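Have a look at the structure below, then the notes.
The numbers here are math on the coordinates, done by the rules we state, and not lab data. If you're wondering where the values come from, they're calculated on a predicted model, not measured in any experiment. Cβ placement follows ideal geometry from the backbone for every residue including glycine, while neighbour counts extend to all protein chains displayed.
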């Protein structure tokens, strides 16, 4: 029996049968609107608990449901044997799916504890614990030690009063332990992918561990440098204010740069996909960043590394990055071309500074530089959104040679983060919130379209204008990308058709919603058929397709051989796993993993 099984839910449990139009709510992230990418904390939790002898398994229910129409999650949960189940409610879009999954667990395992965790769980812990399918909520952003203490207490029959950060029910009464565990650093925790590979073999479940549905084709990995933040982005639930108020974190906890470099080096031994470095490496200071860069320079990792910046690094810092990382990529989120809008959001730089950085980064050999703009911000009106897209055209005119600069624009959707400055004080920032409680957000996720899911509008744009400006800006940005050779004519027309179809669909849904209840019931079947959302395959196919852009545009460069076939231990693990499974799809994946150049094959001595 497994000690703990971590389940990752879809945003809406029965999305394969629903007629929900999710729209562009996940168009600029790797996962689909199902939000099937589980939190990186799952890997850290599993690795940490394993060190203390606990057997932990990860089952990505969302990804399995998306990838295989025949997959029956209820049947799998029924057959799982565990001493406890953990379910993440880290991102609020999982409010409906997480609670439905917990219901299923309790249906078949009524005596087995169900544990929730994550930032949204932390914010709504007092409401969340009232649901009958929830037994425990671990609060804070670092659940490793509290979860270890909880599992030990449950196993040994000890009292729960000493478990830090815990909310639970005792004799029908809600008890809230203080948040007393807030680690000063992250040196004790790691993202151990070798441990995950061993777990895949042990539990014979490759698909359950995949971070998102197409990970085999695009094996991106990540390392974290920190938890917490020094910045004050207004709609972010991970801002300085949110961490301080709800996680009791007064300053960020960092991972030693030596350990971060070691994490990156270890990943490169197994995978050749891009590695995303989570957290601005300059946030802890120049000394931290330079130490990390010096170590990476010695390692000369071949993988593409992706660095995110919250502020603009100077010329010398970019030069140091270029000399230390052979294949570096940059991600920046200026949010708007309008410096007033950007400053109001919490970004501390102007256009001149940003454009200087873009020029220097590309000059120093940055492989790819992604800029992300947002719709639904303070002081941002409809025209401002369209002007942002024209600014993207200006940037491509100036820096587009070589096709290494990419720009994206998407709505702040579906929710303003709980705990963020805007969520706590919406009127101050010009927002109106439609939903405040967990239950209201859970119900909102069952709305017929992403427009009706939005938990906000602003004094500058209502819901309709947010939706309309989203699609109009996407149409124009699509033209700009084609103009500058970033996409082919075929792709340009394909995306244009998709956006126009989305406009038609959301208009049809709006008409349906505006009908009387009698008319809705009478026309629901016809509407579903026209929207082609009543067929599970058509619905999942739609979910895998972006509206505003092509998902492939978001991908950082990947080496031709995505996995390191020369690593002996990885080969042995793969062959052992192959001997334990009879699944044709998994065997094919393993064959692809092991396939390499002739010179590599001769060294494998198979």
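Counting DSSP beta bridges in the range 219-554, what percent are antiparallel, to the nearest 5? Spell out each step's value before the answer.
Working: 5 of 29 bridges.
Here the share of antiparallel DSSP bridges comes out near 15 percent.
Among 432-439, 405-412, what's the highest-first ranking by average C-beta atoms within 10 angstrom per residue?
Details: 432-439: 16.0, 405-412: 22.9.
Order by mean packing, descending: 405-412, 432-439.
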Nitroxide proxy distance, nm - points 7 Å out along Cα→Cβ at residue 71 and residue 383: 4.9 nm
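Assuming R0 = 60 Å, can you tell me the calculated FRET efficiency for the pair residue 178 and residue 352, based on Cβ-Cβ distance, to the nearest 0.05? Please list the in-between numbers first.
Working: r = 47 Å, r/R0 = 0.79.
E(calc), rounded to 0.05, equals 0.80.
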Radius of gyration, Dmax [the range 18-101; alpha carbons; angstrom]: 14.4, 45
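Between residue 494 and residue 363, 0.36 nm times their residue separation minus their Cα-Cα distance comes to what? Can you show the working numbers first?
Working: separation 131, 0.36 × 131 = 47.16 nm, distance 3.29 nm.
Fully extending the segment from residue 494 to residue 363 adds 43.9 nm.
I'm checking a number: the convex hull volume of the Cα atoms of the range 4-176, normalised per residue, in Å³. What is it? Spell out each step's value before the answer.
On the way: hull volume 20.4 nm³, N = 173.
Taking only Cα atoms, the range 4-176 has a hull volume of 118 Å³ per residue.
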Pairwise centroid distance, computed over Cα atoms, of the range 394-412 with the range 97-171, Å: 44 Å
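Sort 513, 145, 56 so the one with the fewest other Cβ atoms within 10 Å of its own Cβ comes first. Intermediate values should be presented prior to the final figure.
Values: 513 13, 145 18, 56 24.
Going from least to most buried by this count: 513, 145, 56.
On average over all directions, what projected area in square nanometres does the range 144-245 have, based on the convex hull of its Cα atoms?
On the way: hull surface 41.0 nm².
For the Cα atoms of the range 144-245, the hull's average projected area reads 10.2 nm².
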Residue exposure sequence - 144, 74 - by fewest surrounding Cβ within 10 Å: 74, 144
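R0 = 45 Å: FRET efficiency of residue 83 with residue 29, Cβ-based, nearest 0.05? List each step's numbers first, then the result.
Values: r = 33 Å, r/R0 = 0.74.
Plugging the Cβ-Cβ distance into 1/(1 + (r/R0)^6) gives 0.85.
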DSSP bridge orientation in the chain - percent antiparallel, rounded to nearest 5: 25 percent
Cβ-Cβ FRET estimate between residue 1 and residue 158, R0 fixed at 25 Å, reported to 0.05: 0.80
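Can you put 490, 217, 64 in order of Cβ neighbours within 10 angstrom, beginning with the fewest?
Numbers: 490 8, 217 13, 64 21.
Listed from fewest to most nearby Cβ atoms, that is 490, 217, 64.
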Computed [θ] at 222 nm, deg cm²/dmol, the chain (DSSP H ≥ 4; -39,500 (n - 2.57); rounded to nearest 500): -13500 deg cm²/dmol
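Rounded to a whole number, what is D in µm²/s for the range 160-217 from Stokes-Einstein with the Kirkwood radius over alpha-carbon pairs (25 °C, 0.890 mPa s)? Display every interim value, and only then the final one.
On the way: Rh = 15.2 Å.
Roughly 161 µm²/s, to the nearest whole number.
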Alpha carbon Rg of the chain, scaled by the compact-globule rule 2.2 N^0.38 Å: 0.95
Within the range 432-476: backbone nitrogen closer than 19 Å to the residue 398 label point (7 Å, Cα to C-beta): none
Distance (nanometres) between label positions extended 7 Å along Cα→Cβ at residue 188 and residue 511: 6.0 nm
For the range 217-361, convex hull of alpha carbons as volume per residue, Å³: 122 Å³
Within the range 315-352, backbone nitrogen closer than 19 Å to the virtual label 7 Å beyond the Cα of residue 428 toward Cβ: 341-348
Quotient of Cα Rg and 2.2 N^0.38 Å for the range 219-554, N being how many residues it contains: 1.07
Spin-label model distance (nm) - residue 256 vs residue 298, 7 Å beyond Cα toward Cβ: 1.3 nm
